[in-house]
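**Q** One structure follows; several queries about it will come next.
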Amino acid sequence: MSDEELAKDLGLVSAMTIGIGTMIGAGIFVLPGVAANTAGPVVVVSFVVGGLIAMVNALSVSELGTAMPKAGGGYFYINKALGPMFGSIAGMGDWMGLAFASAFYCIGFGQYLAEFVPLPEIAFLSPIQIGALFAGLIFVAVNYIGAKETGGVQTVIVFILLSILTVFAIAGFASFDYATLAGEDGLAPFGTNAILPATALVFVSFLGYAKIATVAEELKNPGRNLPIAIIGSVGIVTVIYAILVTTMLGVIPWPDLSLDAPVAQAAEVSFPASISLPGPLPTIGGVAAAAGAVMTVGALLATASSANASILASARINFAMGRDKIVTNWLNEIHPNYATPYRSILVTGALIIVFIAALGRDIEILAKAASVLHLIVYALMNVALIVFREADVPEYDPDFTVPLYPITPILGAVLSLGLVAFMDAIEIALSGGFVVAALVWYFLYARNKTPQQGVLSEYIRSREDELPDQVVGAADAVAPDGNDGPTIMVALSNPRTESSLITLAGALAKHEGGRVLATHIVTVPDQTSLETASENREQLDTASEKLLTAAKADAGEFDVPIETKTILSHRGFEEVFDAARSNDADTVVMGYGGARFAGGRAEGTLDELTHDLPCDFLVLDGQDLDLSDVLVPTAGGRSSDLSAEIARALRDTLGVDVSLLHVVDEGEEASGREFLTEWGTDHQLGDAEMLVETGDVETAIEQMGEGYSLVIIGATERGLLSRIVRGSLVFDTIDRLETPVLLTERPTARSLWERLFGRR
């Protein structure tokens, strides 16, 4: 486990710069002029109020993040707690909110770029929009080809920005004039009623802190550092906003503050035009202009960093929704050369371009639309926290808990939704349209696909007798259709392996909110017709009934629905595939029948050549399972993804310890550990023990596997003939290893050439 501790190398300062770096751009470099024209000098209070609302929400994000540090983002918490309908709203809200925010950051970039470079006006697009479109295309391209900002670069950017802003604050303080701040009409020329509408405008400045929770698994001591980083970043940014906006308004009267480049304008006024050096040294001129140029560079850096981070985050949300089957995984197709989710990035990029072109002349719409969607997500996150607490979910064990529960999450939800009321009708309508679209998408598509039930739905159904019929009826009305999740089919043939197979199927069904279909396939000799066998099946019924009754009893321990079937067939093993297809099975669990497998794969020779697997297959070699710890060797690939899903199900339902194994050549240990850590994180197994070994793969699996109660191995992509000629890792390992082995294979489309000779 010491190796796993070494992988947690993100410190408190680095985590805090993630939040500060995402938030610091818009609030200072883009919005002060626009916001001041909405509220006057009292807009400083608007920034503080926005910070306080963000702080209340930050407390809830901190608890959720320390309770589930292996999964990042508000979408995950909401989907798990409230179910896929609200998960669809949260996912769409996060995604569209990030697209609006990215367009907003790009407009900010365009505003400052126009200070440096003369930009043309083309058709209905202003010069600023041209600069924003250029920036948007560049950021989308950077994400498309896979270049990304490292934690070290982000830290450097943040410290450069803070240094620039500190120098500006000092210079501005020297030029500060209270009379300039107050102006002719006082601090609140539009009245104090303008404070909250201005807060609604500037709240987009506080959208970055929740991003820290997405890297919680990489944090050293997340129970301590995560809440400090989230709450600390909000507090620091709020103070910075208050000081610098006050400084700007004390240097330049609020009616004169630039709407496009307020910081650069204020810097030119704050710094003297020239500096006279003592003695014979010459006078340095152009100081104010240089200060304005430095501020412009800082603004370009800040807005570029925020826009790039938002596009990157949107792809992660789509991956999470695709994993839960709320959106099609077509969106998350990986580029063969760049290894990026290029379709997701292109769709997000197209939305950003449309938003810039259609709404870029009114930056308030972009800012407020981003805020409305995020505020809806924040409100749902607060509700999710209450659901986790009240449902007493066993795995919900936060290291940090919000003070004054339940007042704090209730206040967070009320303040978030309350602030939406101060938005303009167009932003509310835009955001409402996306919420309605999310609901329509859920009922037309996701409801029939996703296996996720949600803690709230399970809580209501477990208390049907205590709750009003209307509440139970509402929960049923919006619940996923069908069997509430995947069908796990178990092909039973041997009473000695029945309990082990049902244990695997029951754990997977409970974890995914699905059901178990236990089948007993009885092979009838070709000389006997199936009709005749059916008419004289007393002895068959006795054997099947005994086997399937035991299966029902074992499945009952997992509290999952179970259906049983006896199937008469001339083909025996091959019937498993037809039964899986006819029963719409999502996964088949069966015992290993060595001679019946072609090269260690769960397919007959004819099927190997003519068909794909109908669904996921799990094949167990072993009779008695006493699960306490499992080993998952991985080199990546679809079947390894399935192995990870099984390991998570066993961990979450049976409490087994999971270890991941990656075998590399001598001298490649560092890159192997980097791969394994990233793979474990991506598959929500970041808490597993990470084992990197060198040498022969089979030898390493055999040596390490002896110390575990189960080894889960994903099938390789090698074809039929290549596996027969060269042997099979899976076949040889199963044959020699004393520990029970679970072979996993996920369907994949392959050409006839690939079926015969394997992938290149």
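**Q** List the residues whose amide H sits under 5 Å from the amide H of D657, counting only those 5 or more places along or on another chain, with H placed 1.01 Å from N in the peptide plane.
**A** D629, V630
**Q** Measure up K80/K449; K80/K510; K80/K220 against 18 Å on the Cα-Cα distance and list the ones that go over.
**A** Numbers: K80/K449 16 Å; K80/K510 14 Å; K80/K220 25 Å.
Checking Cα-Cα distances, K80/K220 exceed 18 Å.
**Q** Now, a different point. Name the residues whose placed amide hydrogens come within less than 5 Å of the amide hydrogen of V522, ignoring near sequence neighbours (fewer than 5 apart) on the same chain.
**A** Counting only residues 5 or more places away or on other chains, the set is I567, L568, S569.
**Q** Mind listing the long-range amide H neighbours of L517? Cut-off is under 5 Å, sequence gap 5 or more, other chains count too, H placed in the peptide plane at 1.01 Å from N.
**A** Result for L517 returns I488, M489, V490, E563.
**Q** Kindly rank 418-427, 512-521 from highest to lowest mean number of other beta carbons found within 10 Å of each residue.
**A** On the way: 418-427: 17.1, 512-521: 23.2.
Sorting 418-427, 512-521 by mean packing, highest first, produces 512-521, 418-427.
**Q** Rounded to whole Hz and in sequence order, give me ³J(HN,Hα) for segment 248-256 from the Karplus expression 6.51 cos²θ - 1.76 cosθ + 1.60, θ = phi - 60°, writing x for Gly and Pro.
**A** Those phi angles translate into 4, 6, x, 9, 10, x, 4, x, 9 Hz.
**Q** Would you please name the GluC sites (Glu not before Pro) within segment 75-180 that are DSSP coil residues with at most 11 other C-beta atoms within 10 Å of their C-beta?
**A** Numbers: sites: E115, E121, E149; in loops: E121, E149.
Here the GluC sites (Glu not before Pro) that fit, given the DSSP loop and packing criteria, are E121.
**Q** Can I ask one more? Ordered by residue, what ³J(HN,Hα) values in Hz, to whole numbers, does segment 617-625 give under the Karplus form 6.51 cos²θ - 1.76 cosθ + 1.60, where θ = phi - 60° and Gly and Pro are x?
**A** Listing the rounded values in order: 10, 10, 10, 9, 9, x, 9, 10, 10 Hz.
**Q** Sort the following peptides by mean Cβ neighbour count (other Cβ atoms within 10 Å, averaged over residues), highest first: 343-354, 168-179, 36-47, 291-302.
**A** On the way: 343-354: 20.1, 168-179: 15.3, 36-47: 23.7, 291-302: 22.0.
Highest-to-lowest ranking by the protection proxy: 36-47, 291-302, 343-354, 168-179.
**Q** How large is ³J(HN,Hα), in whole Hz, for each residue of segment 646-651 in order, when computed from phi with the Karplus curve 6.51 cos²θ - 1.76 cosθ + 1.60 and θ = phi - 60°, using x for Gly and Pro?
**A** Calculated HN-Hα couplings, in order: 5, 4, 5, 4, 5, 5 Hz.
**Q** Using mean Cβ contacts within 10 Å as the protection proxy, how do 155-166, 49-60, 394-405 order, highest first? Walk me through the numbers before you get to the answer.
**A** Numbers: 155-166: 17.6, 49-60: 24.0, 394-405: 14.5.
Ranking, from highest mean packing down: 49-60, 155-166, 394-405.
Readers should treat all values here as calculations from the given coordinates under stated rules, not as data from a laboratory. Everything quoted here is computed from the prediction, not taken from an experiment. Reconstructed Cβ throughout: ideal geometry from the backbone, glycine too, with neighbour counts over all protein chains shown.
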